[in-house]
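Written below as structure tokens is the structure these notes are about.
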Amino acid sequence: MSRDISGIGMTSQRTRDRLAERLQAKGIRDRRVLNAIRRTPRHLFVEEALSSRAYEDTALPIGHCQTISQPYIVARMTEALLVPGVPREVLEIGTGSGYQAALLAQLVEHVYTVELIRELSVQARERIRKLRLKNVSFKQSDGSWGWPEHAPFDAIMVTAAPEEIPDALLDQLSIGGRMVIPVGRKSGMQRLVLITRLADRYEQEELEAVSFVPLVQGPKTS
């Protein structure tokens, strides 16, 4: 692994190990998630000027009024998708920096990730390529539309908050599938919700209060 990927000093493997230990102390129990945190160089997913802060448990700006989520929230959402079983195909809404997709790619068979902002999608694709993760497919599009060509999905993870859960995403969830999504206004209370699709209904479980950037909608593209 090259030095820019493995990191040195404040971006070293030791700092990733410490981050995983802090997340475990905050309640993350799934060893698969913690090990993926240890393996994934978060400093590659932020601007170089912020690389020394990459392993703090905090959200950081990535441009375009977007952020890379707090590691605890990333781990919490990932852990929620892995119970009671590991999903085979996962749809991610909001590629952002690509960090969440990189974690998921180490845990599931295939990740489909959608991002509205072209520059972020291009940057994330390059980072994923650098890590030699070959099971991630990218699309630039309005995330509220999902990715119907590859539906249904065993799991859906939404990394930006709509005011209401998009019907298209509910429709693209397989029977027995799970979706983790923050819901609410930017200026008001947001809640992280786990949705399970049953044969005749959807069950919802509120996980915790969160703060996410809004799910931005735009023209659908290929």
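Given the conditions (1) more than 18 Å from M77 (Cα to Cα); (2) buried (at least 17 other Cβ atoms within 10 Å of the Cβ), which single one is not true for L192? If we test L192 against (1) more than 18 Å from M77 (Cα to Cα); (2) buried (at least 17 other Cβ atoms within 10 Å of the Cβ), just (1) comes out false.
The residues listed here are P162, P166, P182; of these, the one that is crowded, with 16+ Cβ neighbours inside 10 Å and either among the charged types (D, E, K, R) or within 21 Å of V83 (Cα to Cα) (or both) is P182.
Residues in segment 90-120 that are in contact with a Lys or Arg (Cβ under 8 Å, 6 or more places away or on another chain), in a helix (DSSP H, G or I) and not aromatic (F, W, Y): A102 alone. Any residue at all in segment 60-78 that is modelled with pLDDT of 95 or more, among the hydroxyl-bearing types (S, T, Y) and in contact with a His (Cβ under 7 Å, 6 or more places away or on another chain)? No, the conditions are met nowhere in segment 60-78. Per this entry, V114 is counted among residues that are among the β-branched types (V, I, T) and surrounded by 15 or more Cβ atoms within 10 Å (Cβ to Cβ).
The values are calculated or read from the model by the stated rules, or taken from the named source; none is laboratory data. For clarity, every value in this text was computed on a predicted model and none was experimentally measured. Methodologically, a virtual Cβ is constructed for each residue, glycine included, from the backbone with ideal geometry; neighbour enumeration extends over all protein chains shown.
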